[in-house]
């Protein structure tokens, strides 16, 4: 009986979805965390008769709080607006949307495993990590749902040469990568990098022509959109910039972002080596399972906490109070 159970490909994923659905129906969990106020606030404010802005951010992001919410790409908010227009601007409605997006992501994962002809037992073992996704309330849910299907589309596209009649898979994959970028720049770049590595590797191994136009489209259109916003929509660009400068990253590393509790041995914040940000950014990227960013118990940041602790101490697990 147990052997038959584990030999059913995707049965663990089905159990995860059933568990999450029952948890949501019976106890209304997982309750949205603080990120939901940031990302869902402008949509709720708009549906309640206000502007597309998040007034709760006025002390930190005045443009996104009072004029237009431009701290993040808009695709997730667009999907949320359609959903809440149908089912109402409530926390429960948002929770159901994230569960559906999580299911779409999981189906894409199963589709990739099936396409690669993995044995059912390994498919189920691979799906066990889904139990570690304990909550999902960020645009990452949509980004992962789009990104995982983009990888699947690229796998299908590389089955035959680019000159074949199946080239529509290339354009579908490029379109999904573009939509991922318009949901989350960080995750969009991550999935685009994975897609490029996959396509280049398969083209080299199978001696196929690279789908140059599709790949170039996935890169050029976001770049052109960014250039358009910067030159033609200065207010939106300024709102994006103000959020960027409030978020520590490899590109933006200003002294006021550095908290003494994270780098206690540095008194001159201007000389903090960027390698610290590199290590933290890599592990933060690893933690972006759908909708989780530091909260679930299987977070890779926690698993790797002891690694390199003698070099960078408490900066790996960024203190919540610093925000």
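Annotation for region 233-240: at least one member residue is farther than 16 Å from residue 150 by Cβ, surrounded by 12 or more Cβ atoms within 10 Å (Cβ to Cβ) and modelled with pLDDT under 85. When region 109-123 is limited to residues that are over 15 Å from residue 12 (Cα atoms) and assigned to a helix (DSSP H, G or I), the one that is modelled with the highest pLDDT turns out to be 112.
Helices (runs of 4 or more DSSP H) fully within region 6-84 that include at least 3 residues being more than 21 Å from residue 245 (Cα to Cα): 11-27, 34-47. Against the test of being closer than 29 Å to residue 213 by Cβ and buried (at least 22 other Cβ atoms within 10 Å of the Cβ), the options 111, 173 yield a single qualifying residue, 173.
Of all the residues in region 26-41, those that are touching a residue at least 40 places away in the same chain (Cβ under 8 Å), exposed (fewer than 13 other Cβ atoms within 10 Å of the Cβ) and within 18 Å of the chain's Cα centre (by Cα) number 0.
When the residues of region 75-92 are narrowed to those that are surrounded by fewer than 17 Cβ atoms within 10 Å (Cβ to Cβ) and free of Cβ contacts under 8 Å to residues at least 40 places away in the same chain, which ends up nearest to residue 152 (Cα to Cα)? Only one residue fits best here, namely 78.
I'd like to check something: does region 136-154 contain any residue that is surrounded by fewer than 22 Cβ atoms within 10 Å (Cβ to Cβ) and at pLDDT below 90? No, that holds for no residue. The residues on offer are 206, 138, and the sole one that is over 30 Å from residue 24 (Cα atoms) and in the same structural domain as residue 72 (by TED's automatic domain parsing) is 206. Identify all residues within region 183-209 that are modelled with pLDDT under 90, outside any helix (DSSP H, G or I) and crowded, with 17+ Cβ neighbours inside 10 Å; write none if there are none. Passing the criteria: 184, 208.
The values are calculated or read from the model by the stated rules, or taken from the named source; none is laboratory data. Everything numeric here is computed off the predicted structure, so don't read it as measured data. For neighbour counting, all protein chains shown are included, and Cβ atoms are generated from backbone atoms with ideal geometry for every residue, glycine included.
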